[in-house]
Amino acid sequence: MEFILPLLLGFVIASIGIMPPGLINMTAAKVSAVDGRNEAISFATGATVIVFFQTYIALLFAKFIFSRQDIINILQEIGVVLFLGMTIFLFWSAQKPKKEKQEIKMHSKASRFFLGMLLSCLNLFPIPYYVFVSVTLSTYGYFFFNSFFIYSFVFGVVLGSFFVFYLYILFFKKQENKTSFLIDKGNYIIGSITGLISIITFLKLIKNYWI
């Protein structure tokens, strides 16, 4: 259980954060359509390597600030805004009229593995995301800043990230209409989750201020 909890948390949280269509997801699907599945898997592997380091750095930073309650409160306030913004974006994305899909152009002929690493390096969202999530979970007693828990959580994040990338690689071009439907419904589901997190965190902040 001590290994399963952080592994499961990392997997689920990574899946929630990466599931909405983004540059890395869509590029993975495009690489699969243009260069084949093996190249797309190589791309996803490169992106996931960077996710590993980003998550580990985020957790080290979160561990450093965990003893500072004033900083934790500030992070939770920022997190409320962050997740509220994500909720609004996800619901808006699911409801807006579908436009003609734009092609993702890939001029580079370099290794898709290093292309995945490059695009993942340009995505700085995981660091504040995992800082906020780990600190928030720790305040509820679901996250512990010891080495075993951190490494298990990071491993879960890596698995969850690669799993989502692989879903895009498998299904995006083969079942484009069904995938579009699933993405829209997924946006509603994930938006509901992030909205719930925002409400819970907001209520906790109000409780702290009144105590």
**OP:** Provide a single number: the residues in the range 18-32 that are assigned to a helix (DSSP H, G or I), crowded, with 17+ Cβ neighbours inside 10 Å and either in contact with a strand residue (DSSP E or B) (Cβ under 6 Å, 6 or more places away or on another chain) or among the aliphatic types (A, V, I, L, M) (or both).
**Re:** 5
**OP:** Look at S15 and say whether it is over 21 Å from V154 (Cβ atoms) and part of a helix (DSSP H, G or I).
**Re:** no
Original post:
Among the residues of the range 132-143, is there at least one that is crowded, with 17+ Cβ neighbours inside 10 Å and either on the phi > 0 side of the Ramachandran plot or in a loop (DSSP other than H, G, I, E, B) (or both)?
Top reply: yes
**OP:** Select from the range 150-163 the residues that are more than 21 Å from S138 (Cβ to Cβ) and surrounded by fewer than 24 Cβ atoms within 10 Å (Cβ to Cβ) and list them in ascending order.
**Re:** L159, F162, F163
Original post:
Given the structure, is G46 open to solvent by less than 70 Å² (accessible area, probe 1.4 Å) and either of a type in the set (A, V, I, L, M) or modelled with pLDDT under 85 (or both)?
Top reply: no
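The values are calculated or read from the model by the stated rules, or taken from the named source; none is laboratory data. From a predicted model like this one, the values you see are computed outputs, not experimental measurements. Virtual Cβ from ideal backbone geometry, glycine too; neighbours counted across all protein chains shown. Just the protein is used for accessible areas: all its heavy atoms, side chains included, with ligands, DNA and RNA removed. Shrake-Rupley method; radii C 1.70, N 1.55, O 1.52, S 1.80 Å.
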